[in-house]
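**Student:** Here it is, the structure in full.
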Amino acid sequence: MNKNIKPSLEKIVPEFGSSFYYENFSKEKMNKAPIWHYHPEIELVYVNGGTGKRQIGSHMSYYRNGALILIGSNLPHCGFTDSLTKNKSETIIQMLPDFLGNSFFNIPEMSGVHQLMEQAKKGIVFHGDTKRRIGAHIEALGLLDPFDRLLGILKVFKEMSQTKDYSILNAEGFIIETSLQDNNRINLIFNFVQEEFTRQIPLEEIADKVSMSVPGFCRYFKKNTGKTFIQFVNEYRLVHAAKLLHEKQTSITDICYESGFSNFSHFNKLFKQFSGKTPSTYRNELKYIVS
């Protein structure tokens, strides 16, 4: 495994003649490998079908039947699809917060969209029929010329601002609005957890990675994520376990150890606290649940 994982500041370049970036990925044209990264652009993601991990800020969960997500500027997140996701397609729209001018979203007609953008700083996920309806509108934008595509994006934002069928992902206040150094440090930590979660990660090791003392690291991490480092790592493991419960028919005991837990009873207890169900109940109910 790569022991020197560096955070990624993704540089996004809109296509010629456009003020924003629009891209559709498919089985033939996959998105790049999922890593923790951040960028100043707001990002709108629609995953059409499939199942996978949803990792945004300090929030981690497992999605089924696709996903529709709005991510604010500089909010660290991980890619949502890979070769195992089995989604039909993935559409991504990215734009700078001021891509329509410094004060456009402050005009009275855009008050609802302005509030939406403020909420996006914590990450927003949309559900059910709303997810699929808006997702279809997002995919249809690919057929339009640049001007009509811009109008279409504003209509999508308006529809998002009017629905109540959504959840805020980092309600506890995970908003990084500090220095580039803090963004880099958080992303280095997240990428390290992504690579090393299947083993025990001593606090001394991760603190040393970011050149901090253990007490200083613990205070820093809790302040920026609202969680302890151990809680964050365990949640990452639990989301991975949920993914394996859906995708693999191996025993729950094997999934426990494959996800980085060393005690099966502790794994069962944490999984029930995290999902509201035991691992066996979660697996048995999967085929009846439509996200």
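The values are calculated or read from the model by the stated rules, or taken from the named source; none is laboratory data. Predicted model only: the values in this text are computed from it and were never measured. A quick note on method: Cβ atoms are made from the backbone with ideal geometry, for glycine too, and the neighbour counts reach across all protein chains shown.
**Student:** Return yes or no: is Q115 within 16 Å of the chain's Cα centre (by Cα) and either in a helix (DSSP H, G or I) or surrounded by fewer than 22 Cβ atoms within 10 Å (Cβ to Cβ) (or both)?
**Tutor:** No, not satisfied.
**Student:** While we're on this one: Name the single residue that is nearest to R54 (Cα to Cα) among those in segment 195-204 being touching a residue at least 24 places away in the same chain (Cβ under 8 Å) and assigned to a helix (DSSP H, G or I).
**Tutor:** Taking the candidates together, the pick is E195.
**Student:** Moving on. Residues S58, S89, S18, S8: which one is modelled with pLDDT of 90 or more and not aliphatic (A, V, I, L, M)?
**Tutor:** After ruling out the rest, the residue left standing is S89.
**Student:** Checking A207 against (1) modelled with pLDDT under 90; (2) in a helix (DSSP H, G or I): exactly one of these is not met. Which one?
**Tutor:** Exception for A207: condition (1).
**Student:** Of H240, H246, which residue is touching a Leu at 6+ places or on another chain (Cβ under 7 Å) and surrounded by 12 or more Cβ atoms within 10 Å (Cβ to Cβ)?
**Tutor:** Every option except H246 fails the conditions.
**Student:** Consider E285 carefully, then state whether it is over 25 Å from G79 (Cβ atoms), acidic (D, E), modelled with pLDDT under 95 and out of contact with any strand residue (DSSP E or B) (no Cβ under 7 Å at 6 or more places or on another chain).
**Tutor:** Answer is yes for this residue.
**Student:** Out of all the residues in segment 253-267, is one or more under 22 Å from W36 (Cα atoms), surrounded by 19 or more Cβ atoms within 10 Å (Cβ to Cβ) and modelled with pLDDT under 90?
**Tutor:** Looking for residues that are under 22 Å from W36 (Cα atoms), surrounded by 19 or more Cβ atoms within 10 Å (Cβ to Cβ) and modelled with pLDDT under 90, one finds none in segment 253-267, hence no.
**Student:** Is one or more of the residues making up segment 144-154 of a type in the set (D, E, K, R), within 27 Å of H59 (Cα to Cα) and touching a residue at least 12 places away in the same chain (Cβ under 8 Å)?
**Tutor:** No, every residue in segment 144-154 fails to be of a type in the set (D, E, K, R), within 27 Å of H59 (Cα to Cα) and touching a residue at least 12 places away in the same chain (Cβ under 8 Å).
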